[in-house]
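Read through the structure below, which is laid out as structure tokens, and then see the notes.
The values are calculated or read from the model by the stated rules, or taken from the named source; none is laboratory data. Please read these numbers as outputs of a predicted model, since none were measured by experiment. Here Cβ is always computed from backbone atoms with ideal geometry, including for glycine, and neighbour counts include all displayed protein chains. Heads up: the accessible areas ignore ligands, DNA and RNA and are worked out on the full protein's heavy atoms, side chains in. Shrake-Rupley method; radii C 1.70, N 1.55, O 1.52, S 1.80 Å.
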Amino acid sequence: MESLYAIELRKITKTYGKEKQVAVDEVSFHVNKGELFGLIGPDGAGKTSIFRILTTLLLAEQGEAWVEGFEVRHEYREIRKIAGYMPGKFSLYPDLTVAENLNFFATVFDTTVAENYELIKDIYIQIEPFKDRRAGKLSGGMKQKLALCCALIHRPRVLFLDEPTTGVDPVSRKEFWEMLKKLKMQGITIIVSTPYMDEASLCDRIALIQYGKILSVDTAENMVKNYPEQLYAVKSNQMYLLLKSLRKYPEVLDCYAFGEYAHVAFKNAFEAAPLEAYLRKEGLSEIEMKAVEASIEDCFIKLLKS
Amino acid sequence: MKQFVNFVRKEFFHVMRDRKTLLILFGMPVAQILIFGFALTNEVKNSKLIVFDQAKDPASQELIAKIEASRYFEVERSVMNEQQMEAVFRQGEIKMAIVFPAGFNSGLLHEHHAQVQVIADASDPNTANMLSNYLSAIVMDYQSTRSKSLVLPYRIVPEVRMLYNPQLKGAPNFVPGVMALVLMLVCVMMTAISIVKEKETGTMEVLLVSPFKPILVIISKTVPYLILSLVNVASILLLSVFVLELPVNGSVLLLFGESVLFIITCLTVGIFISVKTDSQQVAMLISLMGMLLPTVLFSGFMFPIENMPYPLQLFSNVVPAKWFYIIVKSIMIKGLGFEAIWKETLILAGITVVLLVISLKSFKIRLS
Amino acid sequence: MKEIVIKTDRLSKRFGDFIAVNEISFEVQKGEIFGFLGANGAGKTTAMRMLCGLSIPSSGTAEIAGFEVYKQAEQIKRNIGYMSQKFSLYEDLTVSENISFFAGIYGLTNREIKEKGEALVEQLGLEKETKKLVGSLPLGWKQKLSFSVAVLHEPKIVFLDEPTGGVDPVTRRQFWDLIYEASAKGITIFVTTHYMDEAEYCDRISIMVDGRIAALDSPSKLKTQFKAGTMDEVFYQLARGAKRGD
């Protein structure tokens, strides 16, 4: 069956336990074919549950979902043939070597390493020097690369990556996103979840999620463009005092730390002089102010607070 | 099929690389056989005996000679009166005394009735019980040779024991017991743990998302343990034949066939436990408490089932190890063929089918 | 002259041939928020363990709150608080049971536990949740509660191992408000993080590469030094040259 989207969810709801704690709350969105789609939200937002529903590991209580046109409840066998999945936690056999892990997953998917070697070549050559090492003895970055190879070994049409960069240092994270870009060029649809807001701009489109609800789905660019207020970045010699002072300032609508700056939104038009005078009076120095464009993190904060 | 073979190979990698577990798997049956065979032997040899012979007639002398001739007792000393006897007992070295009343011989000859008193130090009740059994067996043996017409009502009791175990050896009873125990441990616990481990490491998620049939995942995980268990059965039998000098009287092939049946029962239980639990500790606890304990208690291997309250006797019927224990005893010791154990085999097979249906029904193709 | 609460001198830890921590020397002042950064496997965790008195250094010395790490580990433990992303609180105990337990193991009297516990609950706005199991709270609340419990006994130093991993951006900022407050009270904060924007919130940061401290200064000075616009770039420049992973 030919479908319009690579992934589609319609009002998917999933609850857990006797108390019916809602993990996923009427979630609807779609992922286009060949897209690199990001599901961005903190821990416990419902990202993993959505991934498990899409990969046919969990059944949703309500709603419908399709992967490449296959319905997740009844056509799970088809989906399992075309989906590649890398769960959040380490999911290799620590007592098997790199090569053994890869060969094993290849046969599980009824293929061989040689058959799809082209696809994983770029990633695999980085871990090839360690191919006889047990997977449990690899470094974090290496494990992640091996897990990605294993998820790709059967040339899946849709690749599900559940928090692949969580707990990984910034250098390895960058490398990982480079790999994803290359895979995208091979025509694989990729859906990736992450708690890191700064990874949003690396995706074609993103969905922001919290408490099981989708807050917004769009390109990162559009989200930023549609941010309602003008944001200003204010810096001084002391962050905590700056934040406390700004919160007391009557014109301030919202303010929070953002890296070395505090991001501030004002109720009315921004006037630099009185604010600077006020801050000096509060005992701050080295004051610097500028208008800034909102980031995805600003958007997320805005959506969470509204 | 290639997938399946590959999967089984992977399982063997897991088993072979986990040295400690491997050592336990192969060491356990050896250790158990040796411990039960030698250290905890039920057999008592050359136990010291006091004789208080008030009769001092031909019959009592004859009987004493017979006792001394047996390999179980050694007449340490004779005492002249009860005080002396009590003093010896208090020293604690001698556990047993036999007392002949005056006129023992004439009693036998004229009244067809004579008494001997057996006094045992019952501070170790098991030993005391065993020794008095041995002693009365010898006494009875003597009586039957002396007078064929003499029928004693309690003669039947030791006869059962001696019929299949003429040397009164303890080993025949525990070899089948150890076999049931070891198979239970390997198949139930190891299988459950190895499946749950995949859940814990997250690899189960990946396997479930693959086109490989979930049920095959489970089945292929059990294959190595089936083979390991057969190796264990073989090593137990070899040990019992060559070390304990206890031959297999019946068909070895039949014994292996029945073992495979029991192994499948155990594997099914292991799968069921693994489906119901999510952590290795819980799986281990359930396997130990839920399976091993009933095996020890209700298979009849350590505690005779006939002595249990009726409800427990009924319960023992659903413990698969009980039937396996009976089957192995029949083949190994009594040397019986399939026609004698088809009923037990049928029951065991029935239990297996029920368990198999339950565990396949509870098995899920998804996570929860 | 400010009081120095952490002082290490050529502190090293070897595991066989592998030098996990290689002669690191630095000082941290009272009330400072000290960011301890490094790629996975750079030796952060090992260094932090030595500072907490959980691991004995192979060579070099470290003084925590005036005590020698490997000789007076017990005194050190009394003067520090610890919180990590992995272990924080008992999920199957209620909020108030967790507070009493952790306050209890640090030797607070029953009256202190009651007073401080109530103040803590009020500060976090958890009054209605005291009888709830910690496991049922959202992650952000857990982390905030966990931090407050770690500083309940007013330690001189609190070690935070990736305290905000996976927490939403609003809660992360609330968490940092707690850190600022503790720092204003004179508690020294020693924190590791993977969020580079959080590195900016620290007074000074050190970046470990291959067991050594490759850079140590205030965020703004580091950016000038490495001619970088953000801490992310500074980190990338340093860590890219790393030879080992974890």
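Here is the list for region A:1-85: GluC sites (Glu not before Pro) lying in DSSP coil, each with at most 16 other C-beta atoms within 10 angstrom of its C-beta, are A:E2, A:E19, A:E61, A:E75.
Work out the count of Lys pairs in region B:195-351 where the Cα-Cα distance is under 25 Å, with the pair 8 or more places apart or on different chains. Eligible lysine pairs with Cα atoms under 25 Å apart amount to 14. Here the label points at C:E181 and A:V113, each 7 Å from Cα along the C-beta direction, are separated by 5.5 nm in the simple model. Relative to the first principal axis of the alpha-carbon coordinates of chain B, what is the inclination of helix B:82-91, with its axis defined by its Cα atoms, in degrees from 0 to 90 and to the nearest 10? Relative to chain B, helix B:82-91 is tipped by roughly 30 degrees.
Each residue, B:S106 and A:R10, gets one label point 7 Å from its Cα in the Cβ direction; the gap between the two is 11.1 nm. Among the protein heavy atoms of region A:7-224, carbon and sulfur supply 48% of the accessible surface, probe 1.4 Å, non-protein parts ignored. Let me make sure I get this right: for region A:93-171, a, b and c are the square roots of the gyration tensor eigenvalues over alpha carbons, sorted descending. Under 1.5 in a/c it's rounded, otherwise prolate if a/b > b/c, else oblate. Which is it? Taking the square roots of the gyration eigenvalues as a ≥ b ≥ c, region A:93-171 is oblate. Globularity index of the protein assembly as shown is 1.28 (Cα radius of gyration / 2.2 N^0.38 Å, N = number of residues).
Would you mind checking the pairs A:K181/A:K267; A:K89/C:K71; B:K10/C:K142; A:K33/A:K131; A:K11/A:K137; A:K137/A:K174 and listing those with alpha carbons more than 31 angstrom apart? Too far apart for the 31 Å limit: A:K181/A:K267; A:K89/C:K71; B:K10/C:K142; A:K33/A:K131; A:K11/A:K137.
With heavy atoms of protein chains only and a 1.4 Å probe, what residues of region A:107-123 have at least 10 Å² less accessible area in the full set of chains than alone? Correct list: A:T107, A:V108, A:F109, A:D110, A:T112. Summary of the geometry: region A:52-109 and region C:108-155, compared by the centres of their Cα atoms, lie 40 Å apart. Counting, for every residue in B:8-18, the Cβ atoms of other protein chains within 10 Å of its Cβ and taking the mean gives 3.
Computed from the Cβ-Cβ distance with R0 of 56 Å, the FRET efficiency linking A:E71 to B:I24 stands at 0.75.
Here the accessible area of chain B is 65 percent carbon and sulfur, with a 1.4 angstrom probe and all protein chains present. Only beta bridges with both residues in the protein assembly as shown are counted; by DSSP, about 55 percent of them are antiparallel. Averaged over the residues of A:240-249, the number of partner chain Cβ atoms lying within 10 Å of the residue Cβ comes to 2. Annotation: per residue accessible area for chain B equals 49 Å², rounded to a whole number [probe 1.4 Å, protein chains only].
Extending 7 Å from the Cα toward the beta-carbon at both A:L59 and A:Q126 defines two label points whose distance is 4.0 nm. For chain A, the mean residue ellipticity at 222 nm estimated from helices alone is -10000 deg cm²/dmol, where every DSSP H run of n ≥ 4 contributes -39500 (n - 2.57) and the total is divided by all residues, rounded to the nearest 500.
Give the lysines whose C-alpha is closer than 16 Å to that of B:K95, dropping any in the same chain fewer than 8 places away, or say none. Partners within reach: B:K45, B:K48. For C:A119 and A:D204, what does the FRET efficiency come to when R0 = 41 Å and r is the distance between their Cβ atoms, rounded to the nearest 0.05? Efficiency, from the Cβ-Cβ distance: 0.25. Give the C-A buried accessible area in Å², both sides summed, 1.4 Å probe, nearest 100. Answer for the C-A pair: about 2600 Å² buried.
Could you sort out which of A:K235/A:K290; A:K225/C:K223; C:K2/C:K144; A:K14/C:K131 sit more than 18 Å apart by Cα distance in this structure? Where the Cα-Cα span goes over 18 Å, the pairs concerned are A:K225/C:K223; C:K2/C:K144; A:K14/C:K131. The mean sequence distance of close C-alpha pairs (under 8 Å, at least 6 residues apart), as a share of the length of region A:7-224, puts its relative contact order at 31 percent.
Computed extension length for B:R366-B:D278: 30.3 nm, one decimal, from 0.36 nm per residue of separation with the Cα-Cα distance subtracted. Each Lys and Arg adds +1 at its Cβ and each Asp and Glu adds -1 at its Cβ; summed about the Cα centre, the protein assembly as shown shows a dipole of about 960 debye. When chains B and A come together, the accessible area they lose, probed at 1.4 Å and totalled over both chains, is close to 2800 Å².
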